[in-house]
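Asker: First the structure, then my questions, so here it is.
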Amino acid sequence: MTKKDILYHLLYQAFIDIRLYSHEGKGIQGIFKISDLMHNLPLKLSKAESDDDFDDIYDRLIERAEMKKCTSWIDNAISRKVD
């Protein structure tokens, strides 16, 4: 799986998790963390032109996840990859 594939999957999974958390009425903090982490991703993806760009976006997203203490969400979302 390429970094580009992972990034698009993470964006998909973010919307799924936000929908799930809001429907279950739990995790306002979780909803905020996910949306705060991912809100810039669509614009960054729209400007990416090469594999290196996608690699850089991925690396920066992981750095932000570490700063925001939500790497476990990233790991879990990647593990739920649907083919």
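Asker: Can you tell me, using C-alpha contacts under 8 Å and at least 6 residues apart, the relative contact order of the chain as a whole percent?
Answerer: On the way: 47 pairs, mean separation 32.1, N = 83.
Normalised by residue count, the contact order of the chain is 39 percent.
Asker: Which loop-located trypsin sites (Lys or Arg not before Pro) does region 10-63 contain, where loop means any DSSP state but H, G, I, E or B and the Cβ has at most 12 other Cβ atoms within 10 Å?
Answerer: Working: sites: Arg19, Lys26, Lys33, Lys44, Lys47, Arg60; in loops: Lys26.
Filter output for region 10-63: Lys26.
Asker: Next question, about the same structure. Taking a threshold of 21 Å on the Cα-Cα distance, which of the pairs Lys47/Lys81; Lys3/Lys44; Lys3/Lys81; Lys4/Lys81 fall above it? Can you show the working numbers first?
Answerer: Details: Lys47/Lys81 24 Å; Lys3/Lys44 13 Å; Lys3/Lys81 13 Å; Lys4/Lys81 13 Å.
Flagged as over cut-off: Lys47/Lys81.
Asker: Which value in deg cm²/dmol, rounded to the nearest 500, describes the helix-derived mean residue ellipticity at 222 nm for the chain, given -39,500 (n - 2.57) per DSSP H run of n ≥ 4 and division by the residue count?
Answerer: On the way: 5 runs with 66 residues, N = 83.
Mean residue ellipticity at 222 nm (helix-derived): -25500 deg cm²/dmol.
Asker: Taking Cα Rg over 2.2 N^0.38 Å straight from the coordinates, which label in (i) 1.01; (ii) 1.06; (iii) 3.07 is the correct one?
Answerer: Recomputing Cα Rg over 2.2 N^0.38 Å here picks out (ii).
Asker: Something else about it: Are there any GluC sites (Glu not before Pro) in region 20-76 that are in a DSSP loop and have at most 13 other Cβ atoms within 10 Å? List them by number. All intermediate terms of the calculation are to be shown ahead of the outcome.
Answerer: Values: sites: Glu24, Glu49, Glu63, Glu66; in loops: Glu49.
The qualifying sites are Glu49.
Asker: Right, here's the next one. Relative to the Cα centre, what is the charge dipole magnitude of the chain, using +1 at the beta carbon of each Lys and Arg, -1 at the beta carbon of each Asp and Glu, and rounding to the nearest 20 debye?
Answerer: Working: 13 positive and 15 negative charges, 96 e Å.
Rounded to the nearest 20 debye, it is 460 debye.
Taken together, the values in this text are just the output of simple stated rules run on the coordinates, not laboratory data. Because the structure is predicted, anything quoted here is derived from the model rather than measured. Note that we place each Cβ from the backbone using ideal geometry, even for glycine, and neighbour counts take in every protein chain shown.
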